[in-house]
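Here is the structure we will look at.
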Amino acid sequence: MSQPHIPHLIAAKRILRYIKGSLDHGLFFGPQHHPTYLAAYADANWAGCSESRHSTSGYLVYLGTNLVSWCSKKQPTIARSSVESEYRSLSHASAETTCLAYLLYELGACI
């Protein structure tokens, strides 16, 4: 920030062009015909990477019928069993769900 150079300017221009080109993109939150609830789904692929033997985990979090958060990434450590990789995936999903629940509580949304 204190000494920007040409590569920084090029990166900033690229980001601004991307934002300008995607102004009409967004998420649609339809009307809710049932009580609002948080639902999370998690899964893991034990030792999915054949080279490093790292597991891949992911989760989805829905608010009602609307997808509000998702993540898919390779786990940083090698799991010894499929249960361990699934447990890590579930712990990430539950942490995200807890954070979203607190955020919705602070915003005054009923869950």
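The values are calculated or read from the model by the stated rules, or taken from the named source; none is laboratory data. Predicted, not measured: the structure shown is a model, and the values here were computed from it. Cβ placement follows ideal geometry from the backbone for every residue including glycine, while neighbour counts extend to all protein chains displayed. What goes into the accessible areas is simple: the full protein's heavy atoms, side chains included, and nothing from ligands, DNA or RNA. Shrake-Rupley method; radii C 1.70, N 1.55, O 1.52, S 1.80 Å.
Using C-alpha pairs under 8 Å with a sequence gap of at least 6, the mean separation divided by the residue count of the chain gives a relative contact order of 23 percent.
Mind giving me the FRET efficiency for N66 and L23? R0 is 25 Å, r the Cβ-Cβ distance, nearest 0.05 is fine. It comes to 0.75. Surface exposure of region 40-105, expressed per residue as accessible area with a 1.4 Å probe, stands at 64 Å². With an a/c value of 1.5 or above and a/b larger than b/c for the gyration tensor axes a ≥ b ≥ c computed over the alpha-carbon atoms, region 46-111 is described as prolate. Compared with the alpha-carbon gap, the fully stretched path from R80 to S2 is longer by 23.5 nm at 0.36 nm per residue. Of the options (1) 30; (2) 34; (3) 52, only one is percent of Cα pairs over 24 Å apart as computed from these coordinates, and that is (3). Helical runs assigned H by DSSP (4 residues or longer) give the chain a calculated mean residue ellipticity at 222 nm of -13000 deg cm²/dmol, each run adding -39500 (n - 2.57) before division by the residue total.
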